[in-house]
Amino acid sequence: MSTSTMSTFNQALIRVLPSGRKLVIGIPFLWLFLFFMLPFFLVMKISFSEAAVSIPPYSEIYNFVDQKLQVLLNLGNYSLLAADDLYISAYLGSLKIALLSTLMCLLIGFPMAYGISKTRKEMQNVLLLLIMMPTWTAILIRVYAWMGILSNNGLLNAFLMWSGLTSSPIEILNTNTAVYIGVVYAYLPFMVLPLYANLVKHDQSLLEAASDLGSSNFNSFWKITVPLAKNGIIAGSMLVFIPVVGEFVIPELLGGPETLMIGRVLWQEFFNNRDWPVASALAVVMLAILIIPILLFNRSQAKEMEARA
Amino acid sequence: MKRFSFSTLMLVLGLLFIYLPMLILVIYSFNASKLVTVWGGWSLKWYLGLLDNTQLMGSVARSLEIACYTAVAAVALGTLAAFVLTRVTRFKGRTLFGGLVTAPLVMPEVITGLSLLLLFVAMAQMIGWPMERGIVTIWIAHTTFCAAYVAVVVSARLRELDLSIEEAAMDLGARPLKVFFLITIPMIAPSLAAGGMMAFALSLDDLVLASFVSGPGSTTLPMEVFSAVRLGVKPEINAVASLILLAVSVVTFMVWYFSRKAEMNRKRAIQEAMDQTASEAWQPQPQQS
């Protein structure tokens, strides 16, 4: 092969192949589109189908007979969700548990993050490691650890009876209290980490200036630190609130029969009742509720990225 | 000063709250008594019993295999995504891209799991793949959400990198690909390692996604543990849980230690280079003249 044919071949190849830039953007985009975004449309589609005794267990929503395309949208799953108290109270229960535990995480996590940001630099690294380590450890195991502690003959009740606070064991495991403990326990690090990342960037001279001008510690904390930490607070709260709404493991292991959470109901519809269309409808409604918090989270992430650049 | 001591107190209490339950779990895994709430002296029998449990050992091997594949793929995909987010500033659909990268961090797992399963079922009907769900489908599910974590870690590092080093290399005629592999990758290597370890740990943990997209005969370790835990606290599970805690702690500590060491080496090298140029520039040279 002569050099000239070689170079024309190369030019043709360059024209056919996507440029490096397109490839760099294209690969992650395509993967995320195919395995993250596209599936949501499928969930939406199947939420309009009917449950059927077949493999897969749902009916097709369109058919093509005699050159006519028929699309059958079955709204039955959604009217079922609206009509049955179980689903509505499960959504409300999830939102309530998520909201309250986000608040508790914020109240506990903010002083912790603040405390870390005020220590020496080497100490900060060690403390961050201590906070980060549990997030890499199976949530299943950390929740399981509480099962042994909270049970009727567990350590907590043994301690309460030994100290004379109660005479008989209090039922904590399999109640909503246990769910709150478990959720705060599991999600606390996700609140502390973004708060710390934000607080550590604060300019200390602002606080010094305020105190020189006679502002009390509490006043400058409330008027300077908290507003500056806004993006961190939003990011941390969303990192807790959104996943907790759909949480399955914690209510299943620590909660009782009265703990109605939507993630658990969806799981039961899917695995126990094998009703894929109803499970899909539950997921679509959950996503509709969460879309605003998710957008808020994405925006705070984008802002955080700009702030650092 | 008062607020400072309050936050320190909360920090100590918070850390106790995080670590005490795990410590109790580990202590009780050495309990000789079959009753999980009664202390019957120290024993290793639950650990030794694990070795005979072939079903459990099979699921451990499967989980480790998936976690390895996931770590590799998530680092590759997450680094690409982070690079696009930090270096390619303008292109069509950038906002959508940013959203797609960060949304998996918060998306409830039941939604992601269900939607991926429906995708795999639809794909099997349309193109005949995947014929059966198992390791590959779990790997795809894990890679998708772990890549988001890697992207966050790596993009934080990419953003604080000095762009002038990459620009200097390009000015000297290096092609972008060469710059990326010879300059950028070595500089972000610690965060790549951290991201990879994180993906490994997250994949090893995951119960919900794996439950949705796994098929018959591909039970992972968390699925095995979950079905046992549902029936209550058991000493064997205490032992498994303690081993997982140990493995994750060692891995986390290693990541932390090596990334710190690399960071310190880098800082020292920069300092030395600066000292050297400074001393050379200030060298008085009257002897020669």
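Screening region A:83-153 for helices (runs of 4 or more DSSP H) wholly inside it with 3 or more residues that are out of contact with any helix residue (DSSP H, G or I) (no Cβ under 6 Å at 6 or more places or on another chain) and over 27 Å from B:Ser7 (Cβ atoms) returns the ranges A:85-117. Any chance region A:126-142 includes a residue that's farther than 30 Å from B:Ala228 by Cβ and not aliphatic (A, V, I, L, M)? No; the residues of region A:126-142 include none that is farther than 30 Å from B:Ala228 by Cβ and not aliphatic (A, V, I, L, M). Looking at region B:83-97 only, could you name the residues that are within 7 Å of another protein chain (Cβ to nearest Cβ), part of a helix (DSSP H, G or I) and not aliphatic (A, V, I, L, M)? Residues satisfying the conditions are B:Phe83, B:Phe97. Just one of the listed residues (B:Leu56, B:Leu15, B:Leu50) is of a type in the set (A, V, I, L, M), at the interface with chain A (Cβ under 8 Å from one of its Cβ atoms) and surrounded by 13 or more Cβ atoms within 10 Å (Cβ to Cβ), namely B:Leu15.
Candidates A:Leu260, A:Leu295, A:Leu239: the one that is touching a residue at least 12 places away in the same chain (Cβ under 8 Å), among the aliphatic types (A, V, I, L, M) and more than 28 Å from A:Ile116 (Cβ to Cβ) is A:Leu260. Selection over region A:67-78 of residues that are modelled with pLDDT under 90 and within 31 Å of the chain's Cα centre (by Cα) gives a count of 5. Figure legend. Inter-residue proximity from region B:226-238: first residues without any contact (Cβ under 8 Å) to a residue 12 or more places away in the chain and within 8 Å of chain A (Cβ to nearest Cβ), second residues polar (S, T, N, Q) and surrounded by 17 or more Cβ atoms within 10 Å (Cβ to Cβ), beta-carbon distance below 9 Å, spacing 6+ or different chains. Indicated pairs: B:Gly232/A:Ser151. Residue selection: A:Lys96 fails the criterion of being modelled with pLDDT under 90 and basic (Lys, Arg). Of all residues in region B:150-171, those satisfying the criterion of being surrounded by fewer than 21 Cβ atoms within 10 Å (Cβ to Cβ) and either modelled with pLDDT of 90 or more or more than 21 Å from B:Leu192 (Cβ to Cβ) (or both) are B:Ser164, B:Glu167, B:Ala168, B:Met170, B:Asp171. If you go through region A:35-71 and keep only what is away from chain B (no Cβ under 14 Å) and free of Cβ contacts under 8 Å to residues at least 12 places away in the same chain, you end up with A:Val53, A:Asn63, A:Phe64, A:Val65, A:Asp66, A:Gln67, A:Lys68, A:Leu69, A:Gln70, A:Val71. Remark: pairs (first residue in region A:272-287, without any contact (Cβ under 8 Å) to a residue 40 or more places away in the chain; second residue assigned to a loop (DSSP other than H, G, I, E, B) and surrounded by 22 or more Cβ atoms within 10 Å (Cβ to Cβ); Cβ separation under 7 Å; 6+ apart in sequence or on different chains) are absent. For the residues A:Ser205, A:Ser220, the requirement of being within 13 Å of chain B (Cβ to nearest Cβ), on the phi < 0 side of the Ramachandran plot and among the hydroxyl-bearing types (Ser, Thr, Tyr) singles out A:Ser220.
Quick check on my filter: what residues within region A:62-110 are touching a strand residue (DSSP E or B) at 6+ places or on another chain (Cβ under 6 Å) and surrounded by 11 or more Cβ atoms within 10 Å (Cβ to Cβ)? Result: A:Tyr62, A:Asn63. The numbered conditions (1) without any contact (Cβ under 8 Å) to a residue 12 or more places away in the chain; (2) not small (Gly, Ala, Ser); (3) not assigned by TED's automatic domain parsing to the domain that holds A:Ala186 are all true for A:Lys96 except (3). Of the set (1) more than 12 Å from chain A (Cβ to nearest Cβ); (2) within 25 Å of A:Arg264 (Cβ to Cβ), all apply to B:Leu204 but (1). All of A:Trp222, A:Trp267 fail the test of being surrounded by fewer than 20 Cβ atoms within 10 Å (Cβ to Cβ) and assigned to a helix (DSSP H, G or I), apart from A:Trp222.
The residues of region A:120-164 that are charged (D, E, K, R) and over 29 Å from the mean Cα position of the chain (by Cα), listed by number, are A:Arg120, A:Lys121, A:Glu122. For region A:107-126, filtered to residues that are within 7 Å of another protein chain (Cβ to nearest Cβ) and hydrophobic (A, V, I, L, M, F, W, C), the residue that is nearest to B:Trp256 (Cα to Cα) is A:Ile116. Residues in region A:203-231 that are β-branched (Val, Ile, Thr) and either without any contact (Cβ under 8 Å) to a residue 60 or more places away in the chain or over 22 Å from A:Lys303 (Cβ atoms) (or both): A:Ile224, A:Val226. From the list B:Leu100, B:Leu177, B:Leu118, B:Leu80, the one residue that fits, being within 22 Å of A:Leu30 (Cβ to Cβ), part of a helix (DSSP H, G or I) and touching a Lys or Arg at 6+ places or on another chain (Cβ under 9 Å), is B:Leu118. Of the residues contained in region B:207-225, none is found to be in a helix (DSSP H, G or I), within 13 Å of another protein chain (Cβ to nearest Cβ) and under 30 Å from B:Met264 (Cβ atoms). Restricting attention to region A:225-258, the residues that are surrounded by 20 or more Cβ atoms within 10 Å (Cβ to Cβ), outside any helix (DSSP H, G or I) and away from every other protein chain (no Cβ under 11 Å) add up to 2.
Would you be able to say whether some residue in region B:34-41 is crowded, with 20+ Cβ neighbours inside 10 Å and of a type outside the set (A, V, I, L, M)? No, every residue in region B:34-41 fails to be crowded, with 20+ Cβ neighbours inside 10 Å and of a type outside the set (A, V, I, L, M). Flag: A:Thr177 matches the condition of being more than 8 Å from chain B (Cβ to nearest Cβ), assigned to a helix (DSSP H, G or I) and hydroxyl-bearing (Ser, Thr, Tyr).
Screening A:Ile141 against (1) more than 9 Å from every other protein chain (Cβ to nearest Cβ); (2) crowded, with 23+ Cβ neighbours inside 10 Å leaves a single unmet condition, (1). Pick from B:Ser155, B:Ser191: which is facing chain A (nearest Cβ under 9 Å) and more than 30 Å from A:Arg264 (Cβ to Cβ)? When all the criteria are applied, what remains is B:Ser155.
The values are calculated or read from the model by the stated rules, or taken from the named source; none is laboratory data. Computed from a prediction, not measured in an experiment: that's the story for all the values here. Neighbour counts are summed over all protein chains in view; Cβ atoms, including those assigned to glycine, are modelled from backbone coordinates with ideal geometry.
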